[in-house]
Amino acid sequence: MIEVSKLGKAYGARTLFENVTLKLVPGERYGLVGANGSGKTTWLEILAGDEQATEGSFTLAKALVAKIEAIAEWEALENEIAELGA
């Protein structure tokens, strides 16, 4: 489960999104749509811990955190292997 409360991100005077509040539950399918530059990737980077939100907070279920960490470790390993082969 992912719970987001009043999440927002701005770069200086440019606000990508603000006051995002939602709850995503396991077993459901969700889509994230928007125009180019509207903050979709930034929002996902915030949830992944790669970017800081300007405001608000979120929580991730422990099982989801473990999966995200495993994927990140796998991607790091793939990058190391690619560098060795280069």
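The values are calculated or read from the model by the stated rules, or taken from the named source; none is laboratory data. This is a predicted model, so every value here is computed, not measured. Here the Cβ is made from the backbone with ideal geometry for all residues, glycine too, and neighbour counts use every protein chain on show.
Can we say residue 60 is modelled with pLDDT under 95 and not small (Gly, Ala, Ser)? So residue 60 fits the description; yes.
Take the conditions touching a strand residue (DSSP E or B) at 6+ places or on another chain (Cβ under 9 Å), modelled with pLDDT of 90 or more, assigned to a loop (DSSP other than H, G, I, E, B) and farther than 19 Å from residue 72 by Cα and apply them to residue 10. Does it pass? So residue 10 does not fit the description; no.
Checked against the criteria, residue 39 does not count as surrounded by fewer than 10 Cβ atoms within 10 Å (Cβ to Cβ) and under 15 Å from the mean Cα position of the chain (by Cα).
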